[in-house]
Every structure is written in structure tokens, then in C-alpha cells.
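The values are calculated or read from the model by the stated rules, or taken from the named source; none is laboratory data. All figures in this text were calculated on a predicted structure; none of them were measured in a lab. Cβ atoms come from the backbone with ideal geometry, glycine included; neighbour counts cover every protein chain shown. Just so you know, the surface numbers come from the protein's heavy atoms only, side chains and all, with ligands and any DNA or RNA stripped out. Shrake-Rupley method; radii C 1.70, N 1.55, O 1.52, S 1.80 Å.
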Amino acid sequence: MPEERAKRRIILHVYNQVLPITIFADEEEQYRNAAKLVDEKVNYYANIAKRSQINDQMMLYMVLIDVAMMYLKEHEKKDTIALADVLGKLTSEIEDTLKNDSK
């Protein structure tokens, strides 16, 4: 039977909002880092919104797109690294085979 993970209730603060949530205890640091990132993004776009009269809903959509772009870029980078690793292994195997065939 799998071991049960400990849960913890924490309070996150994002853009003047208090967010009480229950999380797995071993993920607390990631949740706090995520809240900090979102808070920074919301504050950045809030400053833009004030100057250009964008409403809060539109501002939050901008934040969502920004964070989604960060995620997609990181995901694509990892895919590229994995592909480069596979290509490197295949190249080595082809080179080894060619060396052995030429003997």
C-alpha cells in the first residue's frame, strides 16, 4: 500500500488576496515560489493596466498568457535537450558501426 503524503494548510498572498490552500507538505516551497512568481507578474501587469486603462480581468489573462509562455518555452527546451541526447547516441552508434564495418 502506498505511503500517504502529509498535507499542510498554508496561506499564500497574491496581489492583495489571501489564498488559504491545503497542499502536500513536500510541495510547500514550490507553491510559495509559484505564488511569488504570479504576484510579481500580476504587479507588473497591474502597473501597465493602470496606465492603459485595462480592466483586472484582462490583466489576469495577460498574466496567464505570460506564465503559459514561460511553461511552453521550458517544455520545448527540455524536448530539444532530449532529442539532442537521442541524436547523439544514434550518431555514436552509427559511427561505431561504420568503424567496425570498415575493418
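Here are some notes:
- The one condition in (1) touching a helix residue (DSSP H, G or I) at 6+ places or on another chain (Cβ under 7 Å); (2) surrounded by fewer than 10 Cβ atoms within 10 Å (Cβ to Cβ) that Met62 fails to fulfil: (2)
- Some residue of the range 68-77 being at pLDDT below 85, surrounded by 10 or more Cβ atoms within 10 Å (Cβ to Cβ) and among the basic types (Lys, Arg): yes
- Considering residues of the range 41-56 that are open to solvent by 100 Å² or more (accessible area, probe 1.4 Å) and part of a helix (DSSP H, G or I) only, the residue farthest from Lys7 (Cα to Cα): Arg51
- Of all the criteria given as (1) modelled with pLDDT under 90; (2) open to solvent by 100 Å² or more (accessible area, probe 1.4 Å), the one not satisfied by Glu95 is (2).
- Count of residues meeting criterion [at pLDDT 95 or above, out of contact with any strand residue (DSSP E or B) (no Cβ under 8 Å at 6 or more places or on another chain) and over 19 Å from Asp66 (Cβ atoms)] in the range 13-53: 3
- Members of the range 56-82 that are closer than 13 Å to Val42 by Cβ and β-branched (Val, Ile, Thr): Val63, Ile65, Val67
- Condition check for Leu83: without any contact (Cβ under 8 Å) to a residue 40 or more places away in the chain, farther than 30 Å from Tyr15 by Cβ and open to solvent by 90 Å² or more (accessible area, probe 1.4 Å): yes
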